[in-house]
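Novice: Got a structure for you, written out below as structure tokens; questions coming shortly.
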Amino acid sequence: MRLVSAYSVAVYTAEQCIFYDSFKAAELVALQAINQGSSTPDTLQLSAIHQTLSLESLAKRTPVLILVPDAWLVVSRSQIDHLIPSTLLPLAALSYAAETTFLTPEAVKFNYLQIALSDKRAELTVFACSNEWAELLCRPFYNTAKDCVIMPSSQWLDMKAPSRRSWSNCKKQALSSYQPNKVKNQKVRTLLGYLLILSLFVQGGALTYLFSLHKHTEEAILARQEVLELQSAWKAVHVENDFTQSILSVVQALPKSVRLAAVESDGAKAKVRMTLSQSDLDSVFIGWQHQFPHWLWEVSQTSKPAESVHKKVEVLDVSISIFSGS
């Protein structure tokens, strides 16, 4: 299967129109051999040139770039004593094009190139032709080509780097009608592009946050279910020993920030293992001592302090041994 190229190239000369089904193939041709000084053909001569054109290799809906000798266009080069701002360049070039072709602005196609000669001087080159002439040059390609644009062959030769000969760049430098809102539309498209990128970043950040929040919520729900299941299991056990019953009561009253690991009791002594912050440990331990002043306590740390994943605070793994004191 033949790969469809980015665009095709048609090169007009005084005798014929040579068609290349790939812009890469056209790069291999010595386009410098085009007689830039050849005079513009009349309608009959152009029709005869079209008879030599073979479009069998043209893939349907492929863009076509037409290269013509500079002499087939109206070219003006003017040195001006100031640099024209980019926003005013299209209008200034249109003025030169209309003046040199003796056509109304609506009836002319043109492109332009401004070269800075110094800080205050510049050279403005304008290529122009009538809409009718551009239509005649493109006519053979209308039935099959996706798009058709015209460029002076000298400009093609100046675009030496392959990256500069992309279709989008060629289309920007091709002959076209005056578009008063072109610069404004380009700015709007650029702004919309930035807004789209910003929107994607915001949505990506929001999705990441929601995913993280959902994950933490699930973990919190699972932890809460474990506590409820443990509490239900405790309530289902009939405990006759008052000491053990008291231990279970104080453990069930622990703050939600405390993670209970295990509770052991034999009726006279008990051991409670849990993970909590230093402030929670101080609060819990003082409260227990006030509630049961006759109990004996022994607190030991079972691991080094670590940082909690959720609250970013330092937590401890502790074991509290409790003796009834009776």
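Every number in this text was worked out from the coordinates using simple rules, so none of it is lab data. Quick caveat: nothing in here was measured; it's all calculated off a predicted structure. Heads up, the Cβs are rebuilt from the backbone with ideal geometry, glycines too, and the neighbour counts pull from every protein chain shown.
Novice: Mind listing the phi-derived Karplus ³J(HN,Hα) values for segment 128-133, rounded to whole Hz, using 6.51, -1.76 and 1.60 with θ = phi - 60°, and x for any glycine or proline?
Specialist: 8, 7, 7, 4, 5, 5
Novice: If you take the square roots of the eigenvalues of the alpha-carbon gyration tensor of segment 53-199 and sort them as a ≥ b ≥ c, do you get rounded (a/c under 1.5), prolate (a/b over b/c) or oblate? Before the final figure, lay out the partial values.
Specialist: Working: a/c = 1.66, a/b = 1.15, b/c = 1.44.
It comes out oblate by the Cα gyration axes.
Novice: Now a separate question. Within a 10 angstrom radius of the beta carbon, how do Ser130, Ser199 rank from fewest other beta carbons to most? Spell out each step's value before the answer.
Specialist: Details: Ser130 15, Ser199 10.
Ascending Cβ contact count within 10 Å gives the list Ser199, Ser130.
Novice: Using Cα positions and a limit of under 13 Å, work out the aspartates and glutamates in reach of Lys120, with same-chain residues fewer than 8 apart set aside.
Specialist: Asp81
Novice: Once amide H atoms are placed 1.01 Å from N in the peptide plane, what residues at a sequence separation of 5 or more from Ile150, or on another chain, have their amide H within under 5 Å of its amide H?
Specialist: Ile66, Leu175
Novice: If each residue's Cβ is checked for other Cβ atoms within 10 Å, how do Thr43, Thr13 rank with the fewest at the top?
Specialist: Values: Thr43 10, Thr13 18.
Neighbour counts put them in this order, fewest first: Thr43, Thr13.
Novice: Taking every DSSP beta bridge that has both residues in segment 238-326, what percent is antiparallel when rounded to the nearest 5? It would help to have the intermediate numbers written out before the result.
Specialist: Working: 23 of 23 bridges.
Taking every DSSP beta bridge within segment 238-326, about 100 percent pair in antiparallel fashion.
Novice: Right, something else. Using amide H atoms built 1.01 Å from N in the peptide plane, name the residues 5+ places from Ser277, or on other chains, whose amide H lies under 5 Å from its own.
Specialist: Here Leu316 satisfy the definition.
Novice: Please count, across segment 238-326, the pairs of lysine residues with Cα atoms under 22 Å apart that sit 8 or more places apart or on different chains.
Specialist: Working: Lys256/Lys271; Lys256/Lys304; Lys256/Lys311; Lys256/Lys312; Lys271/Lys304; Lys304/Lys312.
Lysine pair count for segment 238-326: 6.
Novice: Summing +1 for each Lys or Arg and -1 for each Asp or Glu, what net charge is found among the other residues whose Cβ lies under 11 Å from the Cβ of Ser321? Mind dumping the intermediate values first?
Specialist: Numbers: positive: Lys269, Lys271, Arg273; negative: Glu264, Glu298.
Charge balance near Ser321 sits at +1.
Novice: Can you list residues from other chains, or at least 5 along the same chain, whose modelled amide H is less than 5 Å from the amide H of Ser22?
Specialist: Placed amide hydrogens put Val9 under 5 Å from Ser22.
Novice: Rank these for me by crowding, Arg273, Arg139, going from fewest to most other beta carbons within 10 Å.
Specialist: Result, fewest neighbours first: Arg139, Arg273.
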